[in-house]
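J.: Sharing a structure, written as C-alpha cells. Questions coming.
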Amino acid sequence: MTRLAAWTLGAVSVALGVAGISLAVAGDDVAAVLRSGHADAPVIATVGAGLSLILLQRRPRHPIGWLLLANAVVQGAAAVMDWYAVHATDHPGTLSGGDIASRLLELPLILAALTLVLLLLLSPEGHALSARWRPVMIVTIADAAISLAASIVGLGPVARVGQLVMAACALLGAASLVMRFRSSRGVLRQQVKWIAFGMVPTVLLVIAGHVTPGIPGGILAMVSPISAYVGITIAIRRYRLFELDRIISRSVAYVTLSIVLGLVFVLAAVLFGEIGGVVGGGSNLVTAGATLTVVIFFQPLRRRLQTAADRRFQRRSYHATRILQVYVESLRDREPQPGALRATLAAAIGDTTAQVAFWLPEHGGYVDEAGDDVSLSDSSDRVVTRIERRGEELGAIIHRPASPEGGSDAVAATVRASPLAFDHGRLRAQVMRHLAEARASRARIVAAGDAERRRLERDLHDGAQQRLVALRLELRMAQRGAGRGADPVLARTIDHAERELQVAVDELRRLAHGLVPAALTDAGLVAALEELASRAALHVTVNADTSERAPSGIEVAAYFVASEAVVNAVKHASATDITIDISHRDCLFIVRIADDGIGGADIDAGTGIRGLVDRVEAHQGRLSLESPVGRGTIMTAEFPCA
C-alpha cells in the first residue's frame, strides 16, 4: 500500500511537470517561462519525483523520501499554475482563469518552502537533531499554515511576514545540518557530506540564475535542483557514500588548477605582450607564449594540487599511497627484510592481520613471501583483493573487510600503488621457492644416501660378515678334526687363513660402523657418540644437556660432523683432548666439538668439511668453524628444532 501511494504521487508529479512544459511549448512561451522565476519547477516535478521513488523503493517508510516526493508534487502544481497564468496572459482568450491561477500560485510555493525546511531539519536520518529542534519544526509548520490562510484570504502583509519567518527557519535548518555534521561520525558524516555537496552547486546555480539576465539565467535556475536531489538520494540510499571524498578531491584540484592556470595565462600574456612590443611579433607571440607557459606548468601544478587535495580530503587514501611510495623508493637503496612487504601493505590498509600472496604461473598457485603455498578463500571475516597490472595477475592481499569510514579508499589506493612492489616481492618469492626446492632436493639426496648407507650396513652385517664368520668357524673345526697328526704345512695354512678371515671380519665391521653405526639408529646420537669416543685414539668427552632425540636425519648429520671432527683432530691437529657438547637452546639443536690441537683448519681447504656444510644445510642448519692457529679448533653445527 505504501509503495502504491508513492507510485501514485510520483505519477501525479510527473504528469503535472509534463503538463506545465506542454503549456509552455504549446503557447510558444518557453522564453517567458524561463524568465518567470519558477523555471526549476518542472525539473523538480519530474527528476525529483523519479529520484524520490528510487529512494522510497529502498526505504519506503523513510520521511525524507516522502518529503522529497511531496516537494516534487507541489512544485509540479506550481509549474502548471505559473505557466497556465503566463499562457493566459500572453494569449488572451485562449484560457480562462489566468488571474485565479496567478493568485493560487502562492499556495504550492509555500508548501514547497515548508518541505525544504523540513528536509534541512530532518536530513539524513529522518528525525530532528535533538528535542531542542522540535520547536523550530512546529514554528515552520505553523508559519506555513498561517501563510496559506493569509494567501487565500488576501492578507498580503501577513503573508510577507510569513515569508520572513520561513526564511529564518530555513537558516536554522541549515545550522541544524551543520551541527549534525560536526557531531557525526562514519556513515552519518558521509551522508551529511553528500547532502551538503549536492546543495552547494544548487545554491550557486540559483544565485547565478538570479544574477544572470534573460534566458541563460532561467536555464541555470532550471537545472539548479538536480545536484541537491542527487546528493540527498545518494545520502539516504547510502550508495557509494565514501566515493564523495574522491569526488571532492578531484573537483577541488581541477577547479584550483583552472584558476591558477588562468592566472598563469594572463601573466604570461602580459609578459609576452611586453616582449612583443619590444621585439615585434604582435598577438601571435602573446598567444603562443602564454599557451606554451600553461602547457609547461600544467603537469607539475596538477600533480602538486592533486597531492594537496588528496592530503586534505582523502587522508586514508593519501596515507596508503605514501606508505607504498616510500617502500618502493627504499628498494633502490637496500634489500627489504623478510615480511617487509606484508607489514607495509598491512600499514597501508590499516589491518595488522593482512597477508600477502604472489601468483606464480609456473607453479600454478599462490605463495607467500617465503615461497610457501598459500590458499585463497573469501569468508565472512577475510576478503581477497587481487592485484593486477594490465590484465596480468600479480598476487592478492588477504585482509579483513574494509571499514566503512575510508577503509575501502585505503584498499583501493593500495591496489593502485602496489603493482611495482608486488613485482619485486614476487621475484623474491620465486627465488625463495626455488631455494626451498633446492634445499628439499638436497635433503632428499642426503636422506637417500643415508638410507643407502643403512642398507649397505645391513647387507654387510647380515651377508658377507656372517659368511666370513661361518667360514672361519668351519676352518677351525677342520683344524681340530685333523688332530695332531695332520700335515704341518696344512695346519699352518689353515691358521693363516683363519687369521686373515678374522682381519677381514674386523675390516668389514669397521666399514659397516663407518657408514651408520647401529647405536645411532637404536639408541640415539648420544649413545653413538659415546661409542665413537670409546674407539677413538685419544681422550674424548661427550656432554649432553638433554635426553630428547632429534629427527633421524639431523642425528645422522650431527654424527658425521662429530665423526669428521674427531678424525681431523687425530690425524691433523695433534690434539690430546676432545669435547663433544650436545644441547638445545632457543629452538636450536646444537652439536659443538672442541679440541686442544694446533688449529689452523679452513672450511674451504678440503672436501670433507665442505661436504659436512652441505649435509648440515640440507636440514636448514648452519655449520661454523673457529680454528685460530695454536688455539685449537671448535666446530659447531646448529639445526632448527622443528
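J.: What's the FRET efficiency of Ala527 with Asp495 using the Cβ-Cβ distance as r and R₀ = 35 Å, to the nearest 0.05?
T.: 0.40
J.: Another question, then. Quote the charge dipole size of segment 95-192 about the Cα centre in Debye, to the nearest 20; the model charges only the Cβ of Lys and Arg (+1) and of Asp and Glu (-1).
T.: Around 520 debye, computed over segment 95-192.
J.: So, one more: Listed highest first by mean packing, meaning other Cβ atoms within 10 Å per residue, what order do 136-143, 320-327, 112-119 come in?
T.: Final packing ranking: 112-119, 320-327, 136-143.
J.: Quick one: order Arg592, Arg389 from most to least accessible surface, probe 1.4 Å.
T.: Values: Arg592 90, Arg389 65 Å².
So, going from the largest accessible area down, we get Arg592, Arg389.
J.: Going by a ≥ b ≥ c, the root eigenvalues of the Cα gyration tensor, does segment 116-209 fall in the rounded group (a/c under 1.5), the prolate group (a/b larger than b/c) or the oblate group?
T.: Oblate shape, in that a/c is at least 1.5 and b/c is the bigger or equal ratio.
J.: Here's another thing I want to ask about it. First check a/c for segment 571-627, with a ≥ b ≥ c the square roots of the eigenvalues of its C-alpha gyration tensor; if it is under 1.5, answer rounded, and if not, answer prolate when a/b is larger than b/c or oblate otherwise.
T.: oblate
J.: Could you check the simple spin-label distance between Asn543 and Ile215, using points 7 Å along Cα→Cβ, in nm with one decimal?
T.: 10.5
J.: Just order 611-618, 154-161 by mean Cβ neighbour count inside 10 Å, highest at the front, would you? Don't skip to the end; give the middle numbers.
T.: Numbers: 611-618: 19.0, 154-161: 12.8.
So the peptides 611-618, 154-161, ranked by packing, come out 611-618, 154-161.
J.: In sequence order, what are the phi-derived ³J(HN,Hα) couplings for segment 420-433 according to the Karplus relation 6.51 cos²θ - 1.76 cosθ + 1.60 with θ = phi - 60°, rounded to whole Hz, with x for glycine and proline?
T.: Using θ = phi - 60°, the values come out as 5, 5, 5, 4, 5, x, 5, 4, 5, 5, 4, 4, 4, 5 Hz.
J.: At a Förster radius of 25 Å, what calculated FRET efficiency corresponds to the Cβ-Cβ distance of Ala536 and Val503, to the nearest 0.05?
T.: 0.75
J.: I would also like to ask the following. With a 1.4 Å probe and every protein chain kept in, tell me what percent of the accessible surface of segment 45-173 is carbon plus sulfur.
T.: That fraction is 71 percent.
J.: Quick one: if you stick a label point 7 Å off each Cα along the C-beta vector at Arg334 and Val266, how many nm between them?
T.: 5.1
J.: Something else: Hey, if we sort Asp82, Asp604 by accessible area with the 1.4 Å probe, largest down, what's the order?
T.: Asp604, Asp82
J.: Something else about it: Provide the per residue accessible area, probe 1.4 Å, for segment 125-177, rounded to a whole number of square angstrom.
T.: Normalised by residue count, the accessible surface of segment 125-177 is 57 Å².
The values are calculated or read from the model by the stated rules, or taken from the named source; none is laboratory data. Model, not experiment: these values are computed from the prediction. Glycine also receives a Cβ, built like all others from the backbone with ideal geometry; neighbour counts cover every protein chain displayed. For accessibility, only protein heavy atoms count, side chains too; no ligands or nucleic acids. Shrake-Rupley method; radii C 1.70, N 1.55, O 1.52, S 1.80 Å.
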